[in-house]
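The values are calculated or read from the model by the stated rules, or taken from the named source; none is laboratory data. As the structure is a prediction and not an experimental result, all values here were calculated from the model. Cβ: placed from backbone, ideal geometry, glycine included. Neighbour counts: every protein chain shown. Remember, those area values only see protein heavy atoms, side chains included, never the ligands or the DNA or RNA. Shrake-Rupley method; radii C 1.70, N 1.55, O 1.52, S 1.80 Å.
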Amino acid sequence: MTLQDTNTAAARAPHIGQAHRRQTARRHLAGRGRFVSDIVLPRMLHAAFVRSPMARGRIVEIDTRDAEQSPGVVRVFTARDLNPSCKPWTGTLDHFASMVSAPQNILAEEEVLWAGHPVAMVLARTRAEAEDACELVMLDIEEGEACVDGHAALSGDAPRAAPGLDSNLCFQTVLETMAVDAAFAGAAHVVEGDFTFGRHTAVTLEPRSVVADFDAASEQLTVHHGTQTPYQFQDIYARHFGLSESRVRVIAPDVGGSFGMKLHLYNEEMAAVAASLKLGRPVKFVADRLESFVSDIHARDHKVSARMALDAEGTILAMEVDDMTQIGAFSTYPRTSVAEGNQVVRLMGAPYRMPDYRGRLSVVFQNKVQTSQYRAVGHPIACAVTEALVDKAAARLGVDPFEIRARNVVPDDAYPFVSATGYSFEKLSHEACLAKLRDLMDYDALRAEQAALRERGIYRGIGIAPFVEITNPGAAFYGVGGARISAQDGAVVRLTPSGEVQCAISVTEQGQGTETIISQIVADQLGVAPEQVKVTTGDTDTTPSGGATWACRGAGIGGETALRAGRKLQGQILALAGQILQSDPADLALADGHVVDAQSGTRRMPLAEIGRIATYRPDTLPEAADNSLTAAEHFAPSGYPFDFTNGIQASLVEVDVETGIVRLLKHWVVEDCGRIINPLLVDEQIRGGVVQGLGPALFEECLYDETGQMTNASLADYLVPMACEMPDIVIGHVETPTNDTILGAKGVGEAGTAAAGVAALNAVNDALSPFKAEIRQTPMTPLRILAALGHV
Amino acid sequence: MKSPAFDYIRARSVAHALETYRSLDGEGVYLAGGHSVVPSLTLRLQAPAALIDLSGIDALTGISLDDGWLRIGAMTRHAEVAADPMIRDHAHLFHLAAPHVAHPAIRNRGTIGGSLSLADPASEFPAVALALRAEMEVAGHDGVRRVKADDFFLDIYETAMDPGEILQAILVPPVRAGDVAVFDELARRRGDYAMVGAAVQAMVDAGRVADISIAFFSVGNKPTRAGAAESALRGARLDDATIAAAQSALDADLDPSDEPQMPASVRRHLARVLLGRLLGHLGTTA
Amino acid sequence: MTMDIELTVNGEHVRESVEPRMSLADFLRERLQLTGTHLGCEMGACGACLVLLGGKPVHACLVLAVQAAGETVETIEGLSESGAIADLQAAFHDRNALQCGFCTTGMMVNAHALLGDNPAPERAEIRDALSGNYCRCTGYEAIVDAIDATARKRASDVEAPA
Ligand SMILES: Cc1cc2nc3c(=O)[nH]c(=O)nc-3n(C[C@H](O)[C@H](O)[C@H](O)COP(=O)(O)OP(=O)(O)OC[C@H]3O[C@@H](n4cnc5c(N)ncnc54)[C@H](O)[C@@H]3O)c2cc1C
Ligand code: FES
Ligand code: FES
């Protein structure tokens, strides 16, 4: 390499922005992943649970005697045995004023509150034996009346979903500007609609898994936990079981998908820890798929009434929205079940200049599985309601969907901008994204093709949907509400004696590529190759504490932390090199594994030599020299409370108007996540996210009957999106870095999910438009489409 | 989702299987491909004392032609049904239907005999057997008997076989000149059990329907011959009016149950649509 | 009751005593520590547990270990170590056709079998072959791309031998 090359490459941060492949992926490709479900420890016991078969009832009797005698069984626990060891948890936060939720504990005590509520825990030598014994536990429950429907639950004489509640209302809030009513009164056009968004669930391919291992001799609790937030669980286990935090170690090895589902507290994980504390033996619980459906959090479950006011030119004047979120018998812990609805009412109309707004949120208890934060919290709902109404308005005005959006998005030169719901946007790029999408999808040609096919009785539809995504959350999210959930992340970067780099960081990896981007960022600060940076994540004993993975923070916050730690270490190395080389550190730089002359790029000494001297010959260094070669940094965003990103999606569908079957033909996304650290990984985050948005738009739904039984709680009956039904996804980018950080990266993990569903919804409605038919409920099943078409 | 404990016996012959079944006093369950039995065990829907594995019995395997009749051994896997040239030529409907049964890996294990014995009203093969007017070769302690498909499927998961009897083979009547087969189903995702499906075997002569048999699945408690629709078609020209008449006649043929996610009226509607498409397709195939 | 079974797993002769109720998947994972075979549903609906039985992909969650007696089984570990899927692995890696990795082993087993049967599949045929393999992370397109790329590479390697 010429000196010139070295120089410019170093200046340009040679690895940030490159499509580096994920080194860790090789293990998985060889079948060498190590998931919690793979872990086996000496003397380990397997747990299985006896669960309530009904949605609401009073426990009359639990008889465990036969189960205790069953072969292989070591112990059978009920609430009486386990609950006293654990301080109850309550899923409320202070910043959601006057929200309520009943306290929870490990096993159901007197009442069962949803079908699936764990009542007894069996510990046996094998899972099969534990399941055998579960069948022998005699459970006598007197069935009570369940709250199933949210509207009914709010009526005065409805039964309460949990004991101790005054009403089934968990939380209510109203958000409004001064002139909403005037805006509607003076509007040339008002479009409106009632929307229903079904419940769905994460269905991570690896179910929730935990191995709790308490060693009484050292008073050490080690929990191997398939989670995205190990520090949060370290804190919870320590506080709720009265243990010293330093003796609680949570290790999240490979995690087979999480998507927000694996950061909530669940009864079964607490039971495994409680049982291990009691027995002094490792206890393993791996949810089987049936248990996943009735214990993993569900998502969404909204009923929304909304209307939008526009002037004669199609300028959006105001929206008025009423969202009811239905959440199960409790609000989840420690993040609550209110954040979803809160984001729904705050993200309405987010891409638009809309001056006025009123949003009303009611969060309602019912006797079903709890709902809570799942990938793209609240976004798909807000986006769907907004964009469906914008399309309706476009149709009313006879304006093209692109045109009406072009008239209303916040112009790219109008930032900073504060939305009607109070969000501050630093800088977004809706206009650039609209233009780019139009080119990317060849919109005019698609419209021509659509018209030609319609002549032949083939009904295609095109739907578009701009979106705004919340990323890089600071303490405003949870911390201000009193939750012990970290908004900062930490990194420790070290130079090894042989001149390589190790980075221990609090953000975690579930396959997004966190470790890869961190290695790229650190590599650029230290002038090494990413392969020379070993990144460690997911172990509370060996990595600094931080928020880990939630609400899109890996790149924006984790990346910035790594960058700052890397720069700090760079400073240390240069200072040391300056002392060794008798040079001014300001004249030195790092490149290609060497300390180089900052001006000329000439190599002065290898990093390995720095490592060697600092480690083995510190005696040769001046007295006060810092030979630690270790830098720690913790970073939390402090400018804007969140960094918003934006983008736009489009969907092309074909509707079989006789059968109601929708085929997704193609999907497009133009995304602006700020500085792109690794384009390959960004695109795959978007694709995965899109499919997670399309699933619930067409297939995924947790169905309940009128008694509160989930009727499709298996992977044979709950329809996840599969390869044949999902489209190819074309992606384009606009890059608007945030000035809040040095790195300039924002999040991208939720963008795909935010708008994919409504792009498809708008496309289906476009296809149905010749029939004056419209669908406002997801998933868009053949039945619902046929109903919209008047066939049923 | 672990199965309850059971014993496992690998039957050496049909006689051995029958004998073993009898010795278990109603507590035995035959195991073919196991792709319905094993899930029902892991879901703990049944708890047999023993599984009697039929896969090692030679008499249940093989595909052969005998006097024009095609004999398909009960242990023939779905994947073989899809790929076998004799089935393609002499029982074309099975060939057409097989790729719709589940997914590739399941087709490597699931057997035609298991599918017919299970008599799941949502399954493809029972309807195909009806449309082909196939016969079932059933072995019991009193010997072997043949049961017409029309008499074989009685109710949901219920056939004319007595407990312990074994389905040895499926016998398909000789192909006639002019025979055409069409098959399709409406499923939400590839490989799913269908919302509605149908198998049609017809003889079309100079645009007229000389003979036809139509069997629907996923429309009620068992695979169902559409007798009224067949009558509307038999002897008629295959034109739009005839197709419409056949579609209306379906109302008399089908009695789907009302389910929250699929009201009977919707299933009837889908059945009419599917029949219309299949007959249109028949017109162009014949 | 337990039964003694003998079978060949990844080329190694194995003799074990098992309960008849033990699935082949649990047998591989628990007895042989071949944890590359994953469990996502235990009812044939996700494809995470695919292995080759007698050379064909099957769901190890729906086959009993006793049914596999006398047979040959190949798992992701065996396919990986023999080098049989080295090019597929490279293509998956290059295309980033995996995220959490939990579906990946089943995908590889299925892709390997597909390309054995149909060396030049259309994209739609690849998607069809994967119709029983669930992936929650990737959205499938990258997986289809990687299999497609492997097929093309194999075809061009045959045409232009090195
Ligand atoms: C995820 C999944 C999806 C599926 N999708 C479909 C689908 O779309 N369409 C479809 O048709 N099927 C589907 N199946 C079912 C599959 O095709 C089954 O394998 C088949 O129906 C039963 O065949 P088997 O050989 O596995 O039978 P087994 O499970 O071994 O047996 C089924 C029943 O028949 C009895 N039995 C088996 N053989 C005989 C015999 N020779 N004589 C008497 N009794 C016998 C058994 O005792 C048992 O009661 C699916 C299965 C799974 C797991
Ligand atoms: S675990 Fe076997 S298919 Fe899901
Ligand atoms: S990579 Fe996670 S399920 Fe496919």
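Screening A:Arg346 against (1) buried (at least 24 other Cβ atoms within 10 Å of the Cβ); (2) in a helix (DSSP H, G or I) leaves a single unmet condition, (1).
The rows are residues; the columns are (1) touching a Gly at 6+ places or on another chain (Cβ under 9 Å); (2) within 14 Å of chain C (Cβ to nearest Cβ); (3) assigned to a loop (DSSP other than H, G, I, E, B).
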{"residue": "A:Val670", "(1), (2), (3)": "yes, no, no"}
{"residue": "A:Asp683", "(1), (2), (3)": "no, yes, no"}
{"residue": "A:Leu694", "(1), (2), (3)": "yes, yes, no"}
{"residue": "A:Met726", "(1), (2), (3)": "yes, yes, yes"}
{"residue": "A:Val730", "(1), (2), (3)": "no, yes, no"}
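For the stretch C:4-27, filtering for residues that are within 19 Å of C:Leu79 (Cβ to Cβ) and either more than 16 Å from ligand 1 (Cβ to nearest atom) or of a type in the set (Asp, Glu) (or both) leaves 9.
Rundown of residues vs (1) part of a helix (DSSP H, G or I); (2) touching a Gly at 6+ places or on another chain (Cβ under 9 Å); (3) within 16 Å of ligand 1 (Cβ to nearest atom); (4) within 26 Å of B:Ala187 (Cα to Cα), yes/no style:
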| site | (1), (2), (3), (4) |
| --- | --- |
| C:Leu52 | no, yes, no, no |
| C:Ala91 | yes, no, no, no |
| C:Ala111 | yes, no, no, yes |
| C:Val144 | yes, no, no, yes |
| C:Ala149 | yes, no, no, no |
| C:Arg152 | yes, no, no, no |
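Highlighted here are the helices (runs of 4 or more DSSP H) found entirely within the stretch A:21-118 that include at least 1 residues which are within 14 Å of chain C (Cβ to nearest Cβ): A:25-29.
Scanning the stretch B:109-123 for residues that are at the interface with chain C (Cβ under 8 Å from one of its Cβ atoms) and surrounded by fewer than 24 Cβ atoms within 10 Å (Cβ to Cβ) yields a total of 0. Within the stretch C:61-69, does at least one residue satisfy the condition of being free of Cβ contacts under 8 Å to residues at least 24 places away in the same chain, in contact with an Asp or Glu (Cβ under 7 Å, 6 or more places away or on another chain) and either among the aromatic types (Phe, Trp, Tyr) or surrounded by fewer than 24 Cβ atoms within 10 Å (Cβ to Cβ) (or both)? No, there is no match, as no residue in the stretch C:61-69 is free of Cβ contacts under 8 Å to residues at least 24 places away in the same chain, in contact with an Asp or Glu (Cβ under 7 Å, 6 or more places away or on another chain) and either among the aromatic types (Phe, Trp, Tyr) or surrounded by fewer than 24 Cβ atoms within 10 Å (Cβ to Cβ) (or both).
Okay, residues lined up against (1) open to solvent by 30 Å² or more (accessible area, probe 1.4 Å); (2) small (Gly, Ala, Ser); (3) in contact (Cβ under 8 Å) with a residue 40 or more places away in the chain:
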{"position": "B:Arg10", "(1), (2), (3)": "yes, no, yes"}
{"position": "B:Tyr21", "(1), (2), (3)": "yes, no, yes"}
{"position": "B:Ala32", "(1), (2), (3)": "no, yes, yes"}
{"position": "B:Val38", "(1), (2), (3)": "no, no, no"}
{"position": "B:Gln46", "(1), (2), (3)": "yes, no, no"}
{"position": "B:Gly56", "(1), (2), (3)": "yes, yes, yes"}
{"position": "B:Leu60", "(1), (2), (3)": "no, no, yes"}
{"position": "B:Trp69", "(1), (2), (3)": "yes, no, yes"}
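Take B:Arg189 and decide whether it is more than 30 Å from B:Ser13 (Cβ to Cβ), basic (Lys, Arg) and within 16 Å of ligand 2 (Cβ to nearest atom). For B:Arg189, the condition - more than 30 Å from B:Ser13 (Cβ to Cβ), basic (Lys, Arg) and within 16 Å of ligand 2 (Cβ to nearest atom) - is met. If we keep just the residues of the stretch A:5-60 that are hydroxyl-bearing (Ser, Thr, Tyr) and modelled with pLDDT of 95 or more, which is farthest from the chain's Cα centre (by Cα)? Among them, the one singled out is A:Ser52.
Per the conditions (1) within 14 Å of another protein chain (Cβ to nearest Cβ); (2) under 30 Å from B:Asp53 (Cα atoms); (3) surrounded by fewer than 22 Cβ atoms within 10 Å (Cβ to Cβ); (4) aliphatic (A, V, I, L, M), the sole criterion not satisfied by B:Ala194 is (3). Kindly check whether there is at least one residue in the stretch C:89-107 that is within 16 Å of ligand 2 (Cβ to nearest atom), out of contact with any strand residue (DSSP E or B) (no Cβ under 9 Å at 6 or more places or on another chain) and not assigned by TED's automatic domain parsing to the domain that holds C:Gly11. Yes, there is a match, as at least one residue in the stretch C:89-107 is within 16 Å of ligand 2 (Cβ to nearest atom), out of contact with any strand residue (DSSP E or B) (no Cβ under 9 Å at 6 or more places or on another chain) and not assigned by TED's automatic domain parsing to the domain that holds C:Gly11. Here is a check on your reading of the model: is B:His103 within 14 Å of chain C (Cβ to nearest Cβ) and either buried (at least 16 other Cβ atoms within 10 Å of the Cβ) or more than 8 Å from ligand 1 (Cβ to nearest atom) (or both)? Against the criterion (within 14 Å of chain C (Cβ to nearest Cβ) and either buried (at least 16 other Cβ atoms within 10 Å of the Cβ) or more than 8 Å from ligand 1 (Cβ to nearest atom) (or both)), B:His103 qualifies. Number of residues in the stretch B:73-84 that are open to solvent by 60 Å² or more (accessible area, probe 1.4 Å) and touching a His at 6+ places or on another chain (Cβ under 9 Å): the value is 1.
Condition check: within 14 Å of another protein chain (Cβ to nearest Cβ) and outside any helix (DSSP H, G or I). Does A:Phe285 satisfy that? Considered against the rule, which asks whether it is within 14 Å of another protein chain (Cβ to nearest Cβ) and outside any helix (DSSP H, G or I), A:Phe285 comes out as yes. In the condition set (1) of a type outside the set (Phe, Trp, Tyr); (2) assigned by TED's automatic domain parsing to the domain that holds A:Asn646; (3) in a strand (DSSP E or B), A:Glu449 is compliant with all but (3).
In the stretch C:28-50, the condition of being within 16 Å of ligand 1 (Cβ to nearest atom), in contact with a strand residue (DSSP E or B) (Cβ under 7 Å, 6 or more places away or on another chain) and of a type outside the set (Gly, Ala, Ser) is met by at least one residue. Restricting attention to the stretch C:58-74, the residues that are at the interface with chain B (Cβ under 7 Å from one of its Cβ atoms), more than 13 Å from ligand 2 (Cβ to nearest atom) and either in contact with a His (Cβ under 6 Å, 6 or more places away or on another chain) or of a type in the set (Gly, Ala, Ser) (or both) add up to 0.
Yes/no matrix, rows are residues, columns are (1) more than 19 Å from A:Met99 (Cα to Cα); (2) more than 16 Å from ligand 2 (Cβ to nearest atom); (3) away from chain C (no Cβ under 14 Å); (4) part of a loop (DSSP other than H, G, I, E, B):
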| site | (1), (2), (3), (4) |
| --- | --- |
| A:Arg160 | no, yes, yes, yes |
| A:Phe197 | yes, yes, yes, no |
| A:Leu205 | yes, no, no, yes |
| A:Val211 | yes, yes, no, no |
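For the stretch A:112-155, the candidate set comprises residues that are charged (D, E, K, R) and within 33 Å of the chain's Cα centre (by Cα); within that set, the residue that is farthest from A:Thr707 (Cα to Cα) is A:Arg127. Those helices (runs of 4 or more DSSP H) of the stretch B:1-118 in which 1 or more residues are more than 16 Å from ligand 2 (Cβ to nearest atom) and under 30 Å from A:Val294 (Cβ atoms) occupy B:112-118.
Condition test on A:Val493, is it modelled with pLDDT of 95 or more, among the aliphatic types (A, V, I, L, M), over 29 Å from A:Pro641 (Cα atoms) and open to solvent by less than 10 Å² (accessible area, probe 1.4 Å)? For A:Val493, the condition - modelled with pLDDT of 95 or more, among the aliphatic types (A, V, I, L, M), over 29 Å from A:Pro641 (Cα atoms) and open to solvent by less than 10 Å² (accessible area, probe 1.4 Å) - is not met.
In the stretch C:100-113, is there at least one residue being in contact (Cβ under 8 Å) with a residue 24 or more places away in the chain, more than 16 Å from ligand 3 (Cβ to nearest atom) and at the interface with another protein chain (Cβ under 9 Å from one of its Cβ atoms)? Checked the stretch C:100-113: at least one residue is in contact (Cβ under 8 Å) with a residue 24 or more places away in the chain, more than 16 Å from ligand 3 (Cβ to nearest atom) and at the interface with another protein chain (Cβ under 9 Å from one of its Cβ atoms). Take A:Leu221 and decide whether it is part of a loop (DSSP other than H, G, I, E, B) and either more than 14 Å from chain C (Cβ to nearest Cβ) or farther than 30 Å from A:Arg776 by Cβ (or both). Answer is no for this residue.
Tell me the residue from C:Arg127, C:Arg152 that is away from ligand 3 (no atom under 12 Å from the Cβ), among the basic types (Lys, Arg), in contact with a Cys (Cβ under 9 Å, 6 or more places away or on another chain) and open to solvent by 20 Å² or more (accessible area, probe 1.4 Å), please.
C:Arg127
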